[in-house]
Amino acid sequence: MCAFAYQDDELYCDGLKVKEIVAETGTPCYLYSQKTLIDNYAAFDEAFAAINHMICYAVKTNSNLAVLRTLARLGAGADIVSGGELYQALAAGFSPEKIVFAGVGKTEEEIAYALKNDILMFNVESMPELELISTVAKALKRIARISFRVNPDINPKTHHHISTGLAQNKFGISINHAEEAYQEASTNKFLEIVGMQVHIGSQITTVEPFVEAVEKVLKLAYSLQEMGLPVKYIDLGGGLGITYKDEKPPTPRDLAQAIIPLIKGSPYQFIFEPGRYIAGNAGILVTRVLYLKETPAKKFVIVDAGMNDLSRPVLYDAYHEIRPVEKVGNNEMIVDVVGPICESGDYFARKRSLPAVQQGDLLAIFNAGAYGFSMSSNYNARPRACEVMVIKDKYHIVRERETYEDLVKKEKLPKNES
């Protein structure tokens with residue numbers, strides 16, 4: 001059930017009026033439903049109840065501490081890609097033994113930080129990275145638990161910017177050379193081989209790529225077992241899509257029905273790294289109409305949110321549904337919904353049919369809980385939006401709006417300027 005629903009032509013979030021929330025918080029404003037986060041996590045967890053599994057939420061999706069704390073308290077683990085995300089995960093209460101560290105560019109400092117906190121494992125993406133992990137582990141007199149991220153060369157049929165499992169992508173080690181990598185790692189006394197990982201992309205809307213990936217990594221895992229190099233964990237990554245427009249992505253239950261027959265009875269614990277599925281429809285971006293502008297070419301609705309707040313439309317030509325927070329009348333208009341940034345790519349919709357709106361009206365941009373605030377910036381010296389979460393029958397500001405002072409608080413003028 002969607003947390004964001006209309007009652008008498010007015011948008012509510014879990015029973016609270018969106019208009020009344022933003023009257024206090026201002027706009028732009030990210031608004032999250034804790035109930036939806038909980039329900040989405042439960043749906044994924046329950047779908048795979050028949051197998052030994054762990055769900056490690058992809059922190060990059062939405063790293064607000066209130067979001068992370070909600071999931072940590074449900075028993076989730078964390079999929080991280082930086083030292084900063086490790087810090088956030090620990091601050092939110094995730095257990096280190098449920099944290100997996102991915103990413104092609106781990107630094108020496110990040111590796112040391114993760115080792116000192118005894119995370120579950122590193123998903124290693126190259127042999128030079130493996131060498132650095134070993135060097136850091138030796139210096140710290142620790143054993144690094146590792147998993148290789150294997151690249152299965154599978155086309156997930158998603159946007160090319162978020163396709164990660166093709167041979168030409170920067171991610172992982174070719175599955176054709178994985179056995180050699182595991183053999184080399186097995187000779188290093190500062191490394192403990194515990195797993196295997198695959199992640200083929202994001203916003204995937206069919207089960208077939210997942211099935212193909214499972215078949216390939218299982219074949220490799222059984223081969224390693226025959227070589228005397230068994231693994232405990234098989235990390236199948238994330239990538240399950242959601243509905244933004246007219247997509248009909250599989251549900252977690254659909255995915256489970258497709259892959260559980262392949263993996264049930266195997267000796268492995270399976271890790272899943274959902275992010276978008278958990279957080280995507282749990283959030284909206286609320287923005288206010290600043291101006292209505294008409295040129296000989298088209299009509300524009302200019303709002304106070306910009307591409308610095310939500311970059312998915314310009315990065316991926318992504319569709320987000322946009323609706324008025326209060327519906328007034330039945331007139332429609334064809335418009336571009338744009339922000340105040342000095343870029344032609346600063347838009348949320350083009351040639352979109354919307355109910356007629358007026359200056360000062362509020363608009364809700366839906367399915368903005370994933371890769372919204374986490375990808376936002378201060379471009380054009382714009383303070384980042386506030387974040388608000390509805391918990392039961394109350395709302396809480398879980399990140400304050402930035403101020404102009406925040407924009408420069410880390411900057412320093414050189415001393416003794418001539």
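Taken over segment 78-122, the criterion of being hydroxyl-bearing (Ser, Thr, Tyr) and over 20 Å from Asn64 (Cα atoms) is satisfied by Thr107, Tyr113.
Could you check, for segment 224-234, whether at least one of its residues is more than 27 Å from Arg312 (Cβ to Cβ), touching a residue at least 60 places away in the same chain (Cβ under 8 Å) and part of a helix (DSSP H, G or I)? No - not one qualifying residue is present in segment 224-234.
Within segment 343-357, the set of residues being part of a loop (DSSP other than H, G, I, E, B) and either of a type in the set (A, V, I, L, M) or surrounded by 11 or more Cβ atoms within 10 Å (Cβ to Cβ) (or both) comprises Glu343, Gly345, Asp346, Ala356, Val357. In segment 243-265, the residues that are in contact (Cβ under 8 Å) with a residue 12 or more places away in the chain and not assigned by TED's automatic domain parsing to the domain that holds Asn367 reach residues that are β-branched (Val, Ile, Thr) and assigned to a helix (DSSP H, G or I) with C-beta atoms within less than 8 angstrom, at least six apart or across chains, in these pairs: Ala258/Val211; Ile259/Val211; Ile259/Val214; Leu262/Val211; Leu262/Val214; Ile263/Val214.
Does Thr36 count as of a type in the set (Ser, Thr, Tyr), assigned to a helix (DSSP H, G or I) and either under 21 Å from Gly372 (Cβ atoms) or touching a residue at least 40 places away in the same chain (Cβ under 8 Å) (or both)? Yes, satisfied.
Of the strands (runs of 3 or more DSSP E) lying entirely inside segment 51-134, those containing at least 1 residues that are aromatic (Phe, Trp, Tyr) span 53-58, 99-101, 121-124.
Taking each residue of segment 380-400 that is exposed (fewer than 15 other Cβ atoms within 10 Å of the Cβ) and looking for partners that are in a strand (DSSP E or B) with beta-carbon atoms closer than 6 Å, six or more apart or interchain, yields His396/Met389; Glu400/Cys386. Cβ-Cβ distances below 7 Å connect the following pairs, each with a first residue in segment 177-195 that is of a type in the set (Ser, Thr, Tyr), a second residue that is outside any helix (DSSP H, G or I), and a separation of six or more residues or different chains: Tyr182/Phe148; Tyr182/Ile193; Tyr182/Leu229; Ser186/Ile193; Ser186/Leu229. Can you find, within segment 1-33, the residue that is nearest to Thr243 (Cα to Cα) among those that are touching a residue at least 24 places away in the same chain (Cβ under 8 Å) and part of a helix (DSSP H, G or I)? The extreme case among them is Val18.
Among residues of segment 107-146 being at pLDDT 95 or above and in contact with a Gly (Cβ under 7 Å, 6 or more places away or on another chain), the one that is nearest to Phe272 (Cα to Cα) is Met121.
For segment 284-306, does any single residue satisfy the condition of being closer than 30 Å to Asn52 by Cα, of a type in the set (D, E, K, R) and in contact with a strand residue (DSSP E or B) (Cβ under 9 Å, 6 or more places away or on another chain)? Scanning segment 284-306 turns up no residue that is closer than 30 Å to Asn52 by Cα, of a type in the set (D, E, K, R) and in contact with a strand residue (DSSP E or B) (Cβ under 9 Å, 6 or more places away or on another chain).
Quickly run through segment 288-343 and pick out the residues that are farther than 27 Å from Cys13 by Cβ and among the β-branched types (Val, Ile, Thr). If the condition is that a residue be farther than 27 Å from Cys13 by Cβ and among the β-branched types (Val, Ile, Thr), then Thr295, Ile334 are the ones that fit. Of the candidates Phe210, Phe171, the single residue that is modelled with pLDDT under 85 and either under 22 Å from Val104 (Cβ atoms) or not in a loop (DSSP other than H, G, I, E, B) (or both) is Phe171. Could you please let me know if Thr36 is surrounded by fewer than 23 Cβ atoms within 10 Å (Cβ to Cβ), polar (S, T, N, Q) and within 22 Å of Arg399 (Cβ to Cβ)? Here the answer is no, as Thr36 does not meet what is asked.
Are any of the residues in segment 246-261 over 22 Å from Glu321 (Cβ atoms), assigned to a helix (DSSP H, G or I) and β-branched (Val, Ile, Thr)? The answer is yes, given that some residue of segment 246-261 is over 22 Å from Glu321 (Cβ atoms), assigned to a helix (DSSP H, G or I) and β-branched (Val, Ile, Thr).
The values are calculated or read from the model by the stated rules, or taken from the named source; none is laboratory data. Not measured: the values here are computed from a predicted model. Note that each Cβ is placed from the backbone with ideal geometry, even for glycine, and that neighbours are counted across all protein chains shown.
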